[in-house]
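Novice: First the structure, which I've put down as structure tokens, then a few questions once you've had a look.
Just so it is clear, none of the values below were taken in a lab; they were calculated from the coordinates. Predicted model only: the values in this text are computed from it and were never measured. Every residue, glycine as well, gets a Cβ built from its backbone with ideal geometry; the counts of neighbours run over all protein chains shown.
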Amino acid sequence: MLKFNKISTKIKVIGALLILLVVGVIGTTIYLTQQNIKDALVINIAGKQRMLSQEISKSIFYAQYSGIYDFSETDKATQEFIYGLNTLKNGDKAKGISAVSTGEISAQLEYVEKLWNSFYADIKEYKELAASGTKKEQRMREIIESVHINNTVLLENVDKLVTLYTDHSEGKIHFIRTFQYIAGVLLFLIFIYSIIQLKAIESHADAFMQYSKMLADNEDISNLTPIELQAESESEIVEVSDTINCFINKINSAVEYSNEALLQSQKASSKLEELTDEFDSILGELKDKSMACKHLDNSEDMVIASTEELMNSTKKLTNLKKELDELLKSCQLLKS
């Protein structure tokens, strides 16, 4: 499990957030840009449907009033209109065009298809009447009137379809802009967060370095104070500080043993001085053998007591040597 108070973890989290956000912005922008290119193609197809319906109506009107029944342009425009309608409805994999993506567009497209079927039925009937040997002028005029009316309605609904496609495309553009604005704000917040974290790391590291410098410049090691860090300090700094504090505690322990051994040595020295003075007093005051034996016994007791004091001092000094050896090993480990 990651510890968030580690310097490496903070750097990884900040880096991961930046990478994810930048990749997300770039990926989303590229995807939606490609979609807008395809939407522009769809809008172009839908807009062209208006022109084709007018071209078909125009060719029928021209044939009616000129008496020239050449429907080659009409057939070409009709096939192109049918292809465009199928593309809008079902998509075109070759051109990367997908089918309709909203219910409103789908409903409008179905209504346009219904109007087209009625309009196309009049066109076919007119062409059949024109191709027959006997002209039915009345019926042909009725069809022309129907074509005129249906074309107007078809044109209005194709315009509405184009508007729906345009609004849908503009919605994607608006989404891209909104997403980019949000991403920009998030990048700014991450930037501020990064500065705050770096300042905190710098502050904790500076406090540690100041203490280390003070420790190196301090000539008196009789009573070293362990370093105290803030609760939110990074774990790497805390780990190094714990190592130094352990080292300081060992120094303090060694100094304490040294002071105690020195005190014992001073006591032993005092006892030896008392013993010397006692011997001088004995040699000056001895007058008979019995008194000499008495004083020798007292001196023997004092010598034994002094010997015990010296043995205790020797043990203390031995322990001091062990502590200093451990301290030396710790220094060598820290240097390595």
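Novice: Can you list residues from other chains, or at least 5 along the same chain, whose modelled amide H is less than 5 Å from the amide H of Asp92?
Specialist: Close amide H contacts, sequence-distant or interchain: Ile97, Ser98.
Novice: Between segment 81-106 and segment 12-42, what's the alpha-carbon centroid distance in Å?
Specialist: The two parts, judged by their Cα centres, are 25 Å apart.
Novice: Could you pull the Cα extents of segment 31-150 along its three principal axes, largest to smallest, in whole Å?
Specialist: 58, 24, 18
Novice: Please report Lys213, Lys160 as a ranked list, fewest other C-beta atoms within 10 angstrom at the top and most at the bottom.
Specialist: Sorted ascending by nearby Cβ count, the order is Lys213, Lys160.
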